Structure formats: C-alpha cells, structure tokens
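The values are calculated or read from the model by the stated rules, or taken from the named source; none is laboratory data. Everything quoted here is computed from the prediction, not taken from an experiment. So basically every Cβ, Gly included, is an ideal-geometry build from the backbone, and we count neighbours across all protein chains shown.
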Amino acid sequence: MNDRFLKACRREPVDCTPVWFMRQAGRYMQEYQAIRAKHSILEVCKTPELAAQVTLQPIDRFPLDAAIIFADILLPLEAMGLRLEFAEGEGPIIHNPLRDRASVDQLRPVDGDELAYVEEAIRQARRALTGKVPLIGFAGAPFTLASYAIEGGGSRNYIRTKQLMYREPEVWHRLMDKLARVVTGYLRRQIRAGAEAVQLFDSWVGCLSPGDYAEYVLPHVQLIFDGLKREQVPLIHFGTGTGSLLRLMRQAGGDVIGLDWRVHLDDAWQTVGHDVAVQGNLDPVALFASVHEIERRVEDILRRAAGRPGHIFNLGHGILPNTPIDGVAVTAEMVHKLSQR
C-alpha cells in the first residue's frame, strides 16, 4: 500500500508529502456528472455501489495518496428525523428545522443502523481499492450539523443558531450532546467497516468567537475524540475560518489539525504545536490559476512545512464546482515532485 498519508498522520518520515483533496470526488469531474445525470445526491449516497464508484473516480485519475468515502455530512440529521432535500442550485434544505426544546427532544438518538449504507459503501470501496491507498471516513461536527438543522440550510450570519445558543443554553447543550453521541457512533461504525482514518468536518464553526467555542462547542467535540481514541486510527479535526480557534481545536482533540487558507501554515503549526500533524492549506481557488501560480503557492506551503514529519497537503476547503481538471492534476503531481526527500 501507498501509506504516505497514514505515516504523515502519525508524524512519521515519508518519501514525499502526501496529498489528497477535500471534495476530490464531485461536480468538477465528468465521470461524476455522468452518474449525477441519472441519480440524485441522496441516491448516490444511499446506493453503496454508486458511492464506492464515485469514491474511486479521483483515485483512478490523479496521483492522490488517500481516498475519502463519498457521503454527505447531513446524512445523520436525516436519520435523526429531519427531512432533508438537496434542491437544484440551492444546496441542502431541512424542511422541519429545529427551533425549540420540543423539536430537539423529538430527535431520534440513532445507533447507526439507519446509516448502514455508508458502512457498506466503505466495505465496497476498500475492496475496490485493493490496498492502493488508504480510505478516509468522515462526519460533520456537532456545531456544523446544529447550524444546518436550526437554520434549515446554509447561512451567512447563523442568527437562529446563535439565538438558541445564547437564549436557551440548556437546550443548546442537549442538542449538541445528542449530535456528538450520534457522530461518535457513526464514525466508530465507519472505522469498523474499514475506514483507515476519519475526519471531523466543522465547516462553519469559524463564525464563533474563542469564548463561545470554549463554552458551547469544545466539550462536545472532546466527547467525540475521546470516544474514538480506542479505535487506533488517525483522527483529523478540520474547520474553516478557524485561525482564532486553533488552540482550542487542538485542545478539543485530533491527531491531525486541518488548516484553511487564511493562515500561514508555519504560524498555525506553531500555534497548535509540533506534536500534532497538520493538513492543508492551499486556497481552493488557486486550482483555477496558471501552472506558474499554482507552483509558486505549492512551493510556499511546502517551504513553511519545512520537511517536518506530519504535513499532509490539502486544500483549505473542498474543491469547487467548475475547477479545471488540469489544476487538480498538476497540483497533486507538483506536491510529490517538489517535496521529494
């Protein structure tokens, strides 16, 4: 197996820096578009054969060092009783959002059977990978799941989310505890199905101040990482807009801390400490740039990593729709070439 990624997660020496991309399977690939022309996102997620097939598409096309299972962070919310729809051009919509204590109390504390299709997709993807590269599982973090569930979709200011948090902290912590326990079980089942690392996506937590993160989020994320320590696979903790939260995220847990593009990698690594690995942190829009500009930016990130064991090259968030295929290919190739030990 190409185990550069797993070695880097453990801060072991590697022959060159491993690279994978968040949302590496998705809308920018014609192969994915061909499947989506016949099936909705939820159909792909819930059909293990299709989810496994989509997972392997970027591995077949680019020199990547890890695969990540194709799924969606909101799947546990549907299992817990929220009505989820992906509307064309609008993204995810929750038709019965959480707005009060009663709706939070009605959430089902699922044990994972409702999400067994993700486990089966992992098993099928592992078989199809035939040991070529490791497979990553993932889940959304409690704050990000809560923000979708409360707002009913995406948001710019998270007003309803913060209103519940500030006005009814007891209800907020009850919701976060429910989500944390479901996510812990969900990730544990992914690991036991064959995921060789897992990533917790806290995509929207950067909207919080450090004080709010410490009070309203950190204990619930700690519960997840503490609950997964015994599984003995690398645990990745990622968020966007989290430059002011990095020390707290490190405290919350994770063997690898994901960095977005708004921080310098060397400064951020110093902040979280060199006794954890880091992942990142190219701006996803850089993949639209010229080869020369991509090279300049890749070189800068690798220079800041300074060859220290424990760097995994990635974007600062997921690949965007309409990203040029050549931009993805040249970046992956360049990371390996420029980081040869």
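A few notes on this one:
- Scope the stretch 316-340; condition among the hydrophobic types (A, V, I, L, M, F, W, C) and surrounded by fewer than 21 Cβ atoms within 10 Å (Cβ to Cβ); matching residues: Leu320, Ile325, Ala329, Val330, Met334, Leu338
- Hey, His274 closer than 18 Å to Leu64 by Cβ and either part of a loop (DSSP other than H, G, I, E, B) or among the aromatic types (Phe, Trp, Tyr) (or both) or not: no
- Of the residues Met80, Met29, the single one that is under 20 Å from Gly154 (Cβ atoms) and either out of contact with any strand residue (DSSP E or B) (no Cβ under 9 Å at 6 or more places or on another chain) or surrounded by 14 or more Cβ atoms within 10 Å (Cβ to Cβ) (or both) is Met80.
- Within the stretch 245-261, the set of residues being assigned to a loop (DSSP other than H, G, I, E, B) and either within 21 Å of Ala214 (Cα to Cα) or of a type in the set (A, V, I, L, M) (or both) comprises Gly253, Gly254, Asp255, Leu259, Asp260.
Rundown of residues vs (1) farther than 24 Å from Pro134 by Cβ; (2) touching a residue at least 60 places away in the same chain (Cβ under 8 Å); (3) buried (at least 17 other Cβ atoms within 10 Å of the Cβ); (4) β-branched (Val, Ile, Thr), yes/no style:
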{"site": "Val233", "(1), (2), (3), (4)": "no, no, yes, yes"}
{"site": "Thr240", "(1), (2), (3), (4)": "no, yes, yes, yes"}
{"site": "Leu265", "(1), (2), (3), (4)": "no, no, yes, no"}
{"site": "Trp269", "(1), (2), (3), (4)": "no, no, yes, no"}
{"site": "His274", "(1), (2), (3), (4)": "no, no, no, no"}
{"site": "Val278", "(1), (2), (3), (4)": "no, no, yes, yes"}
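- Residue match in the stretch 190-202 (condition: under 14 Å from Thr144 (Cα atoms), crowded, with 18+ Cβ neighbours inside 10 Å and of a type in the set (Gly, Ala, Ser)): no
- Residue match in the stretch 305-315 (condition: assigned to a loop (DSSP other than H, G, I, E, B) and either touching a strand residue (DSSP E or B) at 6+ places or on another chain (Cβ under 7 Å) or crowded, with 22+ Cβ neighbours inside 10 Å (or both)): yes
- Filtering the stretch 9-47 to residues that are within 16 Å of Val133 (Cβ to Cβ), among the aliphatic types (A, V, I, L, M) and more than 17 Å from the chain's Cα centre (by Cα) leaves only Val14.
- Residue check for Glu43: within 18 Å of Pro92 (Cα to Cα) and at pLDDT 95 or above: yes
- Of the helices (runs of 4 or more DSSP H) lying entirely inside the stretch 18-89, those containing at least 2 residues that are aliphatic (A, V, I, L, M), touching a residue at least 24 places away in the same chain (Cβ under 8 Å) and farther than 26 Å from Arg4 by Cα are 41-46, 75-79.
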